[in-house]
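Let me begin by presenting the structure, written as C-alpha cells, before commenting on it.
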C-alpha cells in the first residue's frame with residue numbers, strides 16, 4: 001500500500017550540514033495524499049537518564065530539538081511545476097503546524113531530491129526513491 005519509504009539525507013544552503021555529516025531520515029508518501037518526513041542528526045548524544053525520554057536536561061532537550069525535524073500532513077503533486085504542495089498538519093517545529101509549503105522535486109534515476117526555501121537559504125532532502133518515478 002503506498003510507496004516504499006525513501007531513505008533520506010539533508011543539507012542546508014551553502015552545504016552547511018545542519019543535521020551533521022551523516023544525517024538519518026525517512027519519508028513516506030502514500031497514494032491517498034498523506035506523507036511523513038523525519039530527519040535527524042546521527043551523532044546526537046544519548047540522554048544521561050536511560051528510562052524516560054521526557055526527563056532530559058535542558059541541554060539534552062535543546063540538542064534533540066535542534067538536531068531533529070519531523071513533519072506530516074497531506075500533499076498534492078504538480079507535475080507541470082515539478083513540485084509538491086504540502087499541508088503540514090503537525091511538526092516538531094510548531095511554527096509549521098497548519099502551514100502550506102512547496103517542495104521542488106527532482107528525480108534522477110532512483111534518486112529523489114526535495115528542495116525547500118527556508119529562512120537561511122534552501123534546504124535539500126535527498127535519497128533513494130521507489131522504483132517508479134511517480135509520487136502520487
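The values are calculated or read from the model by the stated rules, or taken from the named source; none is laboratory data. Keep in mind that what you see is a predicted model, and the values were worked out from it rather than measured. Ideal geometry is used to build each Cβ from the backbone, glycine not excepted, and the neighbour counts take in all protein chains shown.
A few remarks follow.
- Number of residues in region 55-72 that are in contact with a helix residue (DSSP H, G or I) (Cβ under 9 Å, 6 or more places away or on another chain), outside any loop (DSSP other than H, G, I, E, B) and more than 14 Å from residue 40 (Cβ to Cβ): the value is 0.
- Filter result for residue 45 (in contact with a helix residue (DSSP H, G or I) (Cβ under 7 Å, 6 or more places away or on another chain), in a loop (DSSP other than H, G, I, E, B), without any contact (Cβ under 8 Å) to a residue 24 or more places away in the chain and loosely packed, with under 14 Cβ neighbours inside 10 Å): yes
- Among the residues of region 83-98, those identified as in a loop (DSSP other than H, G, I, E, B) and at pLDDT below 95 are 92, 93.
- Residue in region 11-40 that is surrounded by the most Cβ atoms within 10 Å (Cβ to Cβ), counting only those that are assigned to a loop (DSSP other than H, G, I, E, B) and modelled with pLDDT under 85: 19
- Counted residues, region 68-82 - those being modelled with pLDDT under 90, surrounded by 12 or more Cβ atoms within 10 Å (Cβ to Cβ) and more than 16 Å from residue 97 (Cα to Cα): 1
- Residues within region 113-122 that are surrounded by 13 or more Cβ atoms within 10 Å (Cβ to Cβ) and either at pLDDT 75 or above or in a loop (DSSP other than H, G, I, E, B) (or both), tallied: 4
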